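A short write-up of the structure that comes next.
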Amino acid sequence: MWDEEDYTARWIQGFCAIFLALFALVDAYLLLHTAFVLFYAIAGFTLFCGSIRYCWRCAYYAITGKGNINRDDF
């Protein structure tokens, strides 16, 4: 399970990548169009960076089948 041949897991990771990309876009929009309170700016930027990072990892696994976020030995 969770290897290069597990196409169900790759589809799930692809769906997660799309969801995280949409979350990052919404977060970026809210970050740019709200009052710049320092706490909200730092929290929003942190959420944006985290969602972009995991979106990249999920998309990479969904496309190539390597580098799954649930297993690091492939």
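Derivation of every value follows stated rules applied to the coordinates shown; laboratory data play no part. Only a predicted model underlies this, so the values are computations on that prediction, with no experimental measurement involved. Because the Cβ atoms are built from the backbone with ideal geometry, glycine has one as well, and the counts that use them run over all protein chains shown.
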Among Asn68, Thr8, Tyr29, the residue whose Cα sits farthest towards the positive end of the charge dipole of the chain (+1 at Cβ of Lys and Arg, -1 at Cβ of Asp and Glu, taken about the Cα centre) is Tyr29
For Tyr54, Tyr7, Tyr61, order by how many other beta-carbon atoms lie within 10 Å, fewest first
Tyr7, Tyr54, Tyr61
I need the calculated FRET efficiency for the pair Ala28 and Lys66, taking r as the beta carbon distance and R₀ as 35 Å, to the nearest 0.05.
0.80
From the gyration tensor of the Cα coordinates in the stretch 7-64, what semi-axes in whole Å does the equivalent ellipsoid have, largest first, with each one equal to sqrt(5λ)?
28, 9, 6
If packing is taken as the mean number of other Cβ atoms within 10 Å per residue, what is the order of 13-22, 38-47, highest first?
13-22, 38-47
By how many degrees, between 0 and 90 and to the nearest 10, does the Cα long axis of helix 7-32 differ from the longest principal axis of the chain?
10
Sorted by Cβ neighbour density within 10 Å, fewest at the top, the residues Val37, Val26:
Val37, Val26
In degrees, nearest 10, range 0 to 90: what is the angle between the Cα axis of helix 38-64 and the longest Cα principal axis of the chain?
20
In nanometres, the difference between 0.36 nm per residue of separation and the alpha-carbon distance of Arg53 and Thr8 is 14.0 nm
If you rank Trp11, Trp56 by fewest surrounding Cβ atoms within 10 Å, what's the result?
Trp11, Trp56
